[in-house]
Amino acid sequence: MRKYAIVSLMLLIIQFANAQPKIAKAANTSVINLVILNDNGDILVKKASIGWITIGAFYEKRHTINEVIDSISNRYGVSIAKPNLKGVFTYKFSFNNSLSVRQVYVARSTTNDLPANKNVEFRWAPKEEAVEKFKATIPSLGEMVDQIITYPDVVWGGSFLIDRKNGKNNSTITEDFYPISDASTYREQIHNSRVDSKEKQAVLFVVSNAHYYANTDIPTGNSFSEIVNAYDVFKKANYAIDFVSPKGGAVPLTYINTSDQMSKKYLYDTHFMNALKNTKSPSEIDASNYKAVQYIGGGAAMFGVPENKEIQTIAMDIYEKYKGVLSSVCHGTAGIVNLKTKDGKYVVDGKSVSGYPDDYENKAAPYFKTFPFLIKKTIEERGGNFKFSERGKFTLAVDGRLVTGQNFQSSKPVSLKIIELINAMNK
């Protein structure tokens, strides 16, 4: 009888245990990424098997955030001060259906030395180099770091979808970055880091909204190559850059070569692409904020921009009223043919000017028949001295504060010359 009682008790225990909710091992995790800066603003990068990353840790054994941060710094032998939360991002992993919450903290190195842990390779890298290294490992890592370093007084949120192909992790932004902290802080950061700050050197890029050649179904756009090569020069010189188009908003792009490192770099740059998605309309532009204006090329430059009176006024105010630099590249020179000075003369009159020459257009092609005018012919008719080189080379024409280039290859030289002129005027 006692034997049966024991068996019955065991069965009840088993039934009770089976009735309880089972606690499965959580697939979701929390992670801290620690971005460490030295006194020069360089970022500490760590070499891992998958590539260059920040130092960090999962919440595996530590309970509090301070414990995790202390364990990270102790593990790698790095001395830091005042870690501050700058971002909370979520990663959704498509290949294992898990979710990871990433808290990104920024801290200062107290010694500026590389970590003492000799088993790991570390480097101090300038921000742009560090971001590129992170993006090459996992794009979202670079995008997170870029966002929080660009706007240091804001705590950011956002989400990414991580997938894996051929053993390499890729990412897609599934939720645009947004300020978790007071939105006014974000607006102040935008204000101080963009052209509204009088202390900030700034340049205005003029782009077109034209998706097609005139009223045809032949697609066109703004030259991506010309944009990124000019943008990169100004960004490295710590300039603020704004884009203006006749209608504002998103603009079409062409000549995107994803095998070109410069193009690839900016194609996956969230800030840059958002700027092209949200170009300003002429009514939003205050010409007094800019040191230079640059007309971007591509077939679209022939349409909408040259005849736009508001953009003409902005450009000539920058050039005449505020003594800035007027510039164009390739077909972008179409934008300056109608510009007139205060005394009613064409701005190109008596000036050396370059741009894409009529001589190199394919006159038998359907696109050519849509052109409202020819650049070289019009410049010369209006008193300009048009200069260009043989195919495959470029000409840079500099006449006072007017700087123009023949083709996409002149985009970088034109921008460098603009900066040189501005620096000379600032002395």
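Determine whether segment 105-116 contains at least one residue that is free of Cβ contacts under 8 Å to residues at least 60 places away in the same chain, among the hydroxyl-bearing types (Ser, Thr, Tyr) and open to solvent by 20 Å² or more (accessible area, probe 1.4 Å). Yes, segment 105-116 has at least one match. Are any residues in segment 58-83 under 30 Å from the mean Cα position of the chain (by Cα) and either surrounded by fewer than 15 Cβ atoms within 10 Å (Cβ to Cβ) or more than 22 Å from Asp42 (Cβ to Cβ) (or both), and if so, which ones? Listed by number, the residues that qualify are Phe58, Ala81, Lys82. Which residues, taken from segment 168-188, are in contact with an Asp or Glu (Cβ under 8 Å, 6 or more places away or on another chain) and either modelled with pLDDT under 55 or of a type in the set (D, E, K, R) (or both)? Passing the criteria: Thr185, Glu188.
Within segment 381-400, the set of residues being of a type in the set (Phe, Trp, Tyr) and open to solvent by 80 Å² or more (accessible area, probe 1.4 Å) comprises just one member, Phe394.
The criterion of at least 2 residues that are free of Cβ contacts under 8 Å to residues at least 12 places away in the same chain and open to solvent by 60 Å² or more (accessible area, probe 1.4 Å) is met by the following helices (runs of 4 or more DSSP H) wholly inside segment 202-279: 261-267. Arg108 meets the conditions (1) closer than 17 Å to Ile53 by Cβ; (2) of a type outside the set (S, T, N, Q); (3) modelled with pLDDT of 85 or more in every case but one. The failed one is (1). For Lys86, the conditions (1) open to solvent by 40 Å² or more (accessible area, probe 1.4 Å); (2) among the charged types (D, E, K, R); (3) at pLDDT 85 or above are fulfilled apart from (1).
Taking residues in segment 35-51 that are more than 15 Å from Ala81 (Cα to Cα), and partners anywhere that are assigned to a loop (DSSP other than H, G, I, E, B) and aliphatic (A, V, I, L, M), the pairs with Cβ atoms closer than 8 Å and at least 6 places apart or on different chains are Lys46/Val120; Lys47/Val120; Ile50/Ile138; Gly51/Ile138.
Look at (1) of a type in the set (Gly, Ala, Ser); (2) under 16 Å from Ile53 (Cβ atoms); (3) touching a Leu at 6+ places or on another chain (Cβ under 9 Å) and you find that Ser94 fails only one, number (2).
The values are calculated or read from the model by the stated rules, or taken from the named source; none is laboratory data. What you see is a predicted model, and the numbers here were worked out from it, not measured in a lab. We place every Cβ from the backbone using ideal geometry, glycine too, and count neighbours over all the protein chains shown. Protein only, heavy atoms only, side chains kept; ligands, DNA and RNA dropped before computing areas. Shrake-Rupley method; radii C 1.70, N 1.55, O 1.52, S 1.80 Å.
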